[in-house]
Amino acid sequence: MKNRFYTKLKKEQLKFQFKLLLFSLLVNSLITCILYFTAPALLFLIPFFVVITLSVIAPFFDVPSMVGKGHLRYFSSLFLAEKEKDGVIVIHGGTLFDYYFAIPKNLNGKQRTAFILSEYLKGLLNIIHSEGENVVLRGTSYIINERTASKTGLKKVRTDGIQQLILLYNYFNLVASLYLAKNKIIFPRLSRIHTYEGKIGDLKRHEASITTMLNRLTDASDYQN
């Protein structure tokens, strides 16, 4: 399964982004009108709604742009990595943009979770065969728990303050992502979001475990990847 956005012509991609931007403007305009006529004392909340909107739609513009410029690279449909910097590669388990365009629409919540995890594992297998053994991978996730991460060779580390602020800013983006992942609305606890890291060499020593988990997910799922 590929990201359907990249199969579109450039004109179609821009058209989709324009419609998304227009829709977000209309939503915020509608909220402003409702507050103006029903509760003008709450108009101070408008910037808050604008920030939420921007955090939700941003990946639909940022990710294609960064991929086009080579700042982000796909290792599977839901696994991206930034350029190496000081021996560290920051990995991302798919954005709202990727979830929207890569997850098959006909899957139920359980199948979607299995699909996402399988794409994460495929990405890990692909990246460990593309980078040097001393390169460190670092990523933050709500989907992956510590037990699963340890089976891949990744270890839980402290999430730094800047990353926590970014997570807070993107909270409603995460809510939307989890809706696409689980097919239901979930308001996540930030305490369940963890950062993991590990050297490529450590992950290679867990390659058999990663492959086993991937095969189990594939065998237990009904989706066609």
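The values are calculated or read from the model by the stated rules, or taken from the named source; none is laboratory data. Source: prediction; values computed, not measured. Every residue, glycine among them, receives a Cβ derived from its backbone with ideal geometry; neighbour counts consider all protein chains shown. The area values use the complete protein model at the heavy-atom level, side chains included, leaving out ligands, DNA and RNA. Shrake-Rupley method; radii C 1.70, N 1.55, O 1.52, S 1.80 Å.
State whether the residues of the range 89-103 include one that is modelled with pLDDT under 95, under 15 Å from Lys182 (Cα atoms), of a type in the set (Ser, Thr, Tyr) and not in a helix (DSSP H, G or I).
yes
Looking only at the range 187-200, which residues are over 22 Å from Gly161 (Cβ atoms) and either loosely packed, with under 14 Cβ neighbours inside 10 Å or at pLDDT below 90 (or both)?
Answer for the range 187-200, where residues must be over 22 Å from Gly161 (Cβ atoms) and either loosely packed, with under 14 Cβ neighbours inside 10 Å or at pLDDT below 90 (or both): just Phe187.
Would it be correct to say that Gly153 is over 20 Å from the mean Cα position of the chain (by Cα) and on the phi > 0 side of the Ramachandran plot?
On the way: over 20 Å from the mean Cα position of the chain (by Cα): yes; on the phi > 0 side of the Ramachandran plot: yes.
Yes.
Give the residue that is farthest from Glu119 (Cα to Cα), with candidates limited to residues of the range 175-198 that are part of a helix (DSSP H, G or I) and in contact (Cβ under 8 Å) with a residue 60 or more places away in the chain.
Filtering the range 175-198 for residues part of a helix (DSSP H, G or I) gives 175-182, 190-192.
Among the residues that remain, those that are also in contact (Cβ under 8 Å) with a residue 60 or more places away in the chain are: 176-177, 180-182.
Values: Ala176: 19, Ser177: 15, Leu180: 15, Ala181: 12, Lys182: 15 Å.
Looking at residues that are part of a helix (DSSP H, G or I) and in contact (Cβ under 8 Å) with a residue 60 or more places away in the chain, I get Ala176.
Determine whether Leu45 is under 30 Å from Leu125 (Cβ atoms) and at pLDDT below 95. Even if it seems obvious, please write down each step before you answer.
Values: under 30 Å from Leu125 (Cβ atoms): no; at pLDDT below 95: yes.
Taking the combined requirement at face value, the residue does not satisfy it.
Considering each residue of the range 155-174, count those that are part of a helix (DSSP H, G or I), surrounded by 13 or more Cβ atoms within 10 Å (Cβ to Cβ) and either in contact with a Leu (Cβ under 8 Å, 6 or more places away or on another chain) or aliphatic (A, V, I, L, M) (or both), and give that number.
Taking the range 155-174 first, the residues part of a helix (DSSP H, G or I) are 161-169, 171-174.
After this cut, where a residue has to be surrounded by 13 or more Cβ atoms within 10 Å (Cβ to Cβ) as well, the list is 163-164, 166-167, 169, 171-174.
Within this subset, residues satisfying the condition of being either in contact with a Leu (Cβ under 8 Å, 6 or more places away or on another chain) or aliphatic (A, V, I, L, M) (or both) are 164, 166-167, 171, 173-174.
Residues flagged as part of a helix (DSSP H, G or I), surrounded by 13 or more Cβ atoms within 10 Å (Cβ to Cβ) and either in contact with a Leu (Cβ under 8 Å, 6 or more places away or on another chain) or aliphatic (A, V, I, L, M) (or both) within the range 155-174 amount to 6.
Out of the residues in the range 104-114 that are out of contact with any Leu (no Cβ under 6 Å at 6 or more places or on another chain) and not in a loop (DSSP other than H, G, I, E, B), which is most open to solvent (accessible area, probe 1.4 Å)? Reasoning before the result, please.
Of the residues in the range 104-114, the ones out of contact with any Leu (no Cβ under 6 Å at 6 or more places or on another chain) are 104-113.
From what's left, not in a loop (DSSP other than H, G, I, E, B): 109-113.
On the way: Gly109: 17, Lys110: 173, Gln111: 36, Arg112: 23, Thr113: 30 Å².
Across the range 104-114, the extreme among qualifying residues is Lys110.
Looking at (1) touching a residue at least 24 places away in the same chain (Cβ under 8 Å); (2) under 23 Å from Leu178 (Cα atoms); (3) surrounded by fewer than 21 Cβ atoms within 10 Å (Cβ to Cβ); (4) over 15 Å from the mean Cα position of the chain (by Cα), which is the one condition that is false for Leu125?
Single failed check for Leu125: (2).
Take Leu14 and decide whether it is of a type in the set (A, V, I, L, M, F, W, C) and touching a residue at least 12 places away in the same chain (Cβ under 8 Å).
Values: of a type in the set (A, V, I, L, M, F, W, C): yes; touching a residue at least 12 places away in the same chain (Cβ under 8 Å): no.
Criteria not met by Leu14.
Residues to consider are Leu21, Leu42; find the one that is in contact with a helix residue (DSSP H, G or I) (Cβ under 9 Å, 6 or more places away or on another chain) and in contact (Cβ under 8 Å) with a residue 12 or more places away in the chain.
Details: Leu42 fails: in contact (Cβ under 8 Å) with a residue 12 or more places away in the chain.
Being in contact with a helix residue (DSSP H, G or I) (Cβ under 9 Å, 6 or more places away or on another chain) and in contact (Cβ under 8 Å) with a residue 12 or more places away in the chain holds for just one of Leu21, Leu42, which is Leu21.
From Arg73, Arg4, which residue is in contact (Cβ under 8 Å) with a residue 12 or more places away in the chain and surrounded by 11 or more Cβ atoms within 10 Å (Cβ to Cβ)? Please lay out each step first, then the result.
Details: Arg73 fails: in contact (Cβ under 8 Å) with a residue 12 or more places away in the chain.
From the options Arg73, Arg4, the qualifying one is Arg4.
With the structure loaded, tell me whether Leu214 is assigned to a helix (DSSP H, G or I), open to solvent by less than 50 Å² (accessible area, probe 1.4 Å), touching a Leu at 6+ places or on another chain (Cβ under 8 Å) and more than 28 Å from Ser55 (Cα to Cα) or whether it fails that test.
Details: assigned to a helix (DSSP H, G or I): yes; open to solvent by less than 50 Å² (accessible area, probe 1.4 Å): yes; touching a Leu at 6+ places or on another chain (Cβ under 8 Å): yes; more than 28 Å from Ser55 (Cα to Cα): yes.
Against the criterion (assigned to a helix (DSSP H, G or I), open to solvent by less than 50 Å² (accessible area, probe 1.4 Å), touching a Leu at 6+ places or on another chain (Cβ under 8 Å) and more than 28 Å from Ser55 (Cα to Cα)), Leu214 qualifies.
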